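Let me begin by presenting the structure, written as C-alpha cells, before commenting on it.
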C-alpha cells in the first residue's frame, strides 16, 4: 500500500494539513495548554485521548502539531522500506509511527532526527522505540516513545500503510489529528471534537488560575476549590 499509493496518500495529507492551517488557530490554542489540562478536558468530554506509556526522551521537550501517520508490521521475506516518507512532510507536522509497541526494533534514528529538525517538524511520536537519542537531546528535537534501544528495524519491520488510523499508547490517531506533548507525555485531540476539547481545557485552566489568585489573596485551598468546583472540573458531563 505504501509503495503503490504513496503520492496519492501524501496528496491527501497535504490537503488535510493545508486546509486546517488556513482555517483555524487550534494548534496555537493547544500549544498554550499543558497535557494535564487537556487530559482533564478529554475526560470531561468523554474522549480517550491520553497516549498511555508514551514518554518524552527529555522532560524539556514540547510539541504541538498535526499527525502524519505510518503503520509498521513485521518484515516480509523480501523486506520493504522503513520509510523515506519524511521528504514529503511539511513544517509543523508530527510524525506518528505505530510499531505496535515493539521494543526490539527501532523505526527512528539519527538521520531522521537530523532531517526532521532541519525541516522544522514539530516532533515524533512512536508506539515502540527509537535510537540515537543523544542527537535529539543535542538538537532539542522532541521525540516521544516507549523507550530506546540501539537495534535497527531494518530487515525486521517495514511500512505497511501511510495516512491511515493507527494506535498509539491505547489511543486511535488519525491523519490530521492534533497532538500535544510535554513533560507528562502525549495527548491526541480528534479533528471532529478538537474545538470542544480546547474550549473545555481553556475553561479548566481559567478555573485553576482563579483558584491560585484566591489563595494568593488569603483564601484557603479548600475554600477556593469549593468556590470553583475544582473536584468536578474533569468529571464527564451527563
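Structure data summary
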read-out: Residue match in segment 110-124 (condition: surrounded by 15 or more Cβ atoms within 10 Å (Cβ to Cβ), within 13 Å of residue 154 (Cβ to Cβ) and assigned by TED's automatic domain parsing to the domain that holds residue 53); value: yes
read-out: From the options 79, 74, 56, residue that is crowded, with 21+ Cβ neighbours inside 10 Å and touching a residue at least 12 places away in the same chain (Cβ under 8 Å); value: 56
read-out: Count of segment 23-53 residues which are touching a residue at least 40 places away in the same chain (Cβ under 8 Å) and in a helix (DSSP H, G or I); value: 16
read-out: Selection from segment 214-228 of residues that are part of a loop (DSSP other than H, G, I, E, B) and either in contact with a strand residue (DSSP E or B) (Cβ under 9 Å, 6 or more places away or on another chain) or exposed (fewer than 13 other Cβ atoms within 10 Å of the Cβ) (or both); value: 217, 218, 220
read-out: Residues that are in contact (Cβ under 8 Å) with a residue 60 or more places away in the chain and outside any strand (DSSP E or B), drawn from segment 108-140; value: 133, 136, 137, 140
read-out: Any hit, segment 166-177, residues being touching a strand residue (DSSP E or B) at 6+ places or on another chain (Cβ under 6 Å), at pLDDT 95 or above, closer than 15 Å to residue 52 by Cβ and surrounded by fewer than 22 Cβ atoms within 10 Å (Cβ to Cβ); value: yes
read-out: The listed residue being within 29 Å of residue 148 (Cα to Cα), modelled with pLDDT under 95 and in the same structural domain as residue 97 (by TED's automatic domain parsing), out of 61, 10, 68; value: 10
read-out: So residue 54, is it at pLDDT below 50 and within 19 Å of residue 123 (Cβ to Cβ); value: no
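The values are calculated or read from the model by the stated rules, or taken from the named source; none is laboratory data. Owing to the predicted nature of the structure, the values given are computational and were not obtained by experimental measurement. A quick note on method: Cβ atoms are made from the backbone with ideal geometry, for glycine too, and the neighbour counts reach across all protein chains shown.
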